[in-house]
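One structure is given below, encoded as structure tokens.
Bear in mind that the values in this text are calculations on the coordinates, not laboratory data. Given the structure is predicted, the values throughout are model-derived calculations rather than measurements. Here the Cβ positions follow ideal geometry from the backbone for every residue, glycine too, while neighbour counts run over all protein chains shown.
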Amino acid sequence: MVNESEIARLARDIRKASRIVALSGAGMSVESGIASFRGPGGLWEKYDPEEYGHINTLRYEPAKAWIMLSDMQREILKAKPNKGHYALAELERMGKLRAIITQNVDGLHHVAGNRDVIEFHGHLQSVSCMDCGHRVPSADIDLDKLPPRCSKCSGPVKPDAVFFGEAIPSDALMRSHREASTCDLMLVIGTSAMVYPAASMPDIAHDAGARVVEINPSETPLTGRISAYIVKGPAGDVLERVVQQLKSLPA
Ligand code: APR
């Protein structure tokens, strides 16, 4: 059960703040039917990330990598934004959210309407040929003929997501660092805060003097160390109620 006073507290913090940034993780999309990575039923229970999610597996054992990738792709193609995604889009429209740094590769923040989204781990919306660079939408991939080959040169194709063993795109890293170090409030939503360098963003915000608030049914390594408080509950429900509460506050 979500604590009503924590909802009101977060709405007041959002109203007071002037440079708000969100860091979102897989928990943001659980209510859209996309499995998270860790915890019960998580993707990493089914597939060892270092085995299936590593760039070397995609390079040298593509058929194996595409077993997991096609699973993820099928879930993402069916998924729609949930009320939490729409609440963040509303916050941006209200001028109360500068940017979302997302670890997710499902593209749902864009679909919900947020314009300033930093895709820290890239995305699964398109794939690129590892030989000639030809890029096509993932929806064009025939998931029954794996591993997919480039339609231009028959080379191996790679989703435009960041795999284990790959560097974070420098533009995403720099923009995220800039947003985290200049915000006065960071909302950390649906992430276990265990994977770096994404998980260093709340520390950067905290060290720059920002208030860090978590939205998550469970505590994380940030709780009680970096975050001022945690609103325990599902992101969709919590964010929708925070925006409703924010709108009811006197201007
Ligand atoms: N609302 C909010 N949070 C939720 C919900 C929900 N409905 N359901 C689960 N959570 C929380 C879990 O408690 C957990 O803290 O979401 C978090 C999901 O954690 P992970 O599965 O570890 O996902 P994430 O933190 O995004 O992982 C980071 O690890 O494997 C890599 O590249 C992958 O981007 C991913 C990164």
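Things to note:
- Alpha carbon centroid spacing (whole Å) that separates region 173-238 from region 114-140: 26
- Taking amide H as placed 1.01 Å from N in the peptide plane, the amide H of Ala161 sits under 5 Å from that of His123, each at least 5 places away or on another chain.
- Likely footprinting exposure, Leu222, Leu58, fewest C-beta neighbours within 10 Å first: Leu222, Leu58
- Using C-alpha pairs under 8 Å with a sequence gap of at least 6, the mean separation divided by the residue count of region 19-65 gives a relative contact order of 16 percent.
- Shown for Thr182, Thr191, Thr220: other C-beta atoms within 10 Å of each C-beta, ranked fewest to most, produce the order Thr182, Thr220, Thr191.
- Integer Hz, Karplus 6.51/-1.76/1.60 couplings in order for region 218-226, x for Gly and Pro: 10, 6, 9, x, 7, 5, x, 10, 10
- Residue among Cys183, Leu173, Ala205 farthest towards the positive dipole end of region 88-205, charges placed on Cβ: Leu173
- Residues Ala251 and Met174, FRET efficiency given R0 of 25 Å [Cβ-Cβ distance, rounded to 0.05]: 0.10
- Interchain or long-range residues, amide H under 5 Å from Ala99's placed H: Ala22
- Average Cα contact separation per residue, the chain, under 8 Å, 6 or more apart, as relative contact order %: 26
- In region 132-251, one over the average inverse separation of all distinct C-alpha pairs is 17.5 Å, which is the Kirkwood hydrodynamic radius.
- Amide H within-cut-off set for Tyr229, under 5 Å, with H built and near neighbours excluded: Glu214
- Per-residue 3J(HN,Hα) values for region 117-131, derived from phi via the Karplus relation 6.51 cos²θ - 1.76 cosθ + 1.60 with θ = phi - 60°, read 10, 9, 8, 4, 10, x, 7, 9, 6, 9, 10, 10, 6, 6, 9 Hz in sequence order (x marks Gly and Pro).
- Across region 54-140, the mean sequence separation of Cα contacts (distance under 8 Å, 6 or more residues apart), normalised by length, yields a relative contact order of 20 percent.
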